[in-house]
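Following: one structure in structure tokens, then a few remarks.
The values are calculated or read from the model by the stated rules, or taken from the named source; none is laboratory data. If you're wondering where the values come from, they're calculated on a predicted model, not measured in any experiment. Reconstructed Cβ throughout: ideal geometry from the backbone, glycine too, with neighbour counts over all protein chains shown. Surface accessibility is based on the protein's heavy atoms, side chains included, excluding ligands, DNA and RNA. Shrake-Rupley method; radii C 1.70, N 1.55, O 1.52, S 1.80 Å.
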Amino acid sequence: MYGYLLHTLLHFLAGACISYLTLVKSDDLRRKQLILLAVGGVVALLPDITKFFGDILGHSIFAAPFFGWLAAWLYRKYDKTIPYKKLWLIFTFIVIIGHLFIDYIGNGLALFFPFVRSEFDFHIIPSIDFFSLTILLIMFPLTFYFKKGKAIFITGLATIDLYLIILSVSKVQLEHELHQEYEGIELLETYPSSSDFGEWNFLLKTNVEWIRGSSPILGGGHSIEK
């Protein structure tokens, strides 16, 4: 339960970030700014609605425009100062980046459901990504209480982007090394360790054996579990 709540918080904060960058204006009243952040956060959580009914359709890319339309329609009942089409596009983008993309680099999702039922993933962050959560939780208060809030916000996002780039490059490099070392690989999974921050775990199957191991994210070779 604890892990699920923190993962949900990551979606919420990601949605709030996009809302801040695309909808919040510096001359808006503080109340309106906070409402837009909250709305962006809630929109990022919408794909999880169908889970309560035992369905994963909400995590399909095809459902994103519907959630964007629904959120825009509801928000326009409260505030008509933002064009409807702009809201629709931004809220759809929030669903895609704030939820689907995070799941894609996390635990995976059936991106093209119901036409393709298999899941897709590029697993580089743990289900509880403390690094990104910490940056985001520090960033928002500083953004609102310092004059150079925009610069602080952009610096925080750039830090998270750099973190994701490092993880992506490290994962691809590790998988390349494993393919070079082992012949006839039929299955290869690399994923962040749940117990050791800064380390990959991997599982591979060749035509003769199963192999488990680990490797530092910043390089330095890999070790095999005996």
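Accessible area per residue (1.4 Å probe, heavy atoms of protein chains only) ranks LYS85, LYS51 as LYS85, LYS51, with the largest value leading.
Here the dipole of the range 1-159 is about 840 debye; that uses its Cα centre as origin and unit charges on the Cβ of Lys and Arg (positive) and Asp and Glu (negative).
Short to long, the 10 Å bins of the Cα pair-distance histogram for the range 1-99 hold 17, 50, 27, 6, 0 percent of all pairs. Against the longest principal axis of the chain, how steep is helix 30-45, in degrees 0 to 90 to the nearest 10, with axes from Cα atoms? Its long axis makes an angle of about 40 degrees.
Amide H contacts of GLY213: PHE202, GLU225, each under 5 Å away and 5 or more positions distant or on a separate chain (H built 1.01 Å from N in the peptide plane; Pro and chain starts excluded).
Using a Cα-Cα cut-off of under 19 Å, which lysines could be cross-linked to LYS32, ignoring same-chain neighbours fewer than 8 residues away? Within reach: LYS77, LYS80, LYS86, LYS147, LYS150.
The trypsin sites (Lys or Arg not before Pro) of the range 137-209 that meet both conditions, a loop assignment by DSSP and at most 14 other Cβ atoms within 10 Å of the site Cβ, are LYS147, LYS148. In the assembled protein chains, VAL208 presents an accessible area of approximately 120 Å² (probe radius 1.4 Å). Helix 64-76 axis versus longest C-alpha principal axis of the chain: approximately 20°, rounded to the nearest ten.
Only helical runs count toward this figure. For the chain, summing -39,500 (n - 2.57) over DSSP H runs of n ≥ 4 and dividing by all residues gives -16500 deg cm²/dmol at 222 nm. Each of (1) 29, 24, 15; (2) 29, 19, 16; (3) 37, 22, 13 is a candidate for semi-axes √(5λ) of the Cα gyration tensor in Å; the one calculated from this structure is (3). Proximity of backbone amide H atoms, modeled 1.01 Å from N, is registered between GLU199 and SER193, ILE217 at under 5 Å, excluding neighbours fewer than 5 places apart on the same chain. Among all the lysines, which ones have a C-alpha under 16 Å from LYS205's C-alpha, if same-chain residues fewer than 8 places away are not counted? Within the straight-line cut-off, LYS205 pairs with LYS226. A DSSP coil position with no more than 10 other Cβ atoms inside 10 Å describes the following chymotrypsin sites (Phe, Trp or Tyr not before Pro) in the range 91-189: PHE115. Amide H contacts of PHE113 (H built 1.01 Å from N, in plane; Pro and chain starts excluded): ILE61 sit under 5 Å, all sequence-distant by 5 or more or on other chains. Ligands, DNA and RNA aside, ARG76 has an accessible area near 60 Å² when probed at 1.4 Å.
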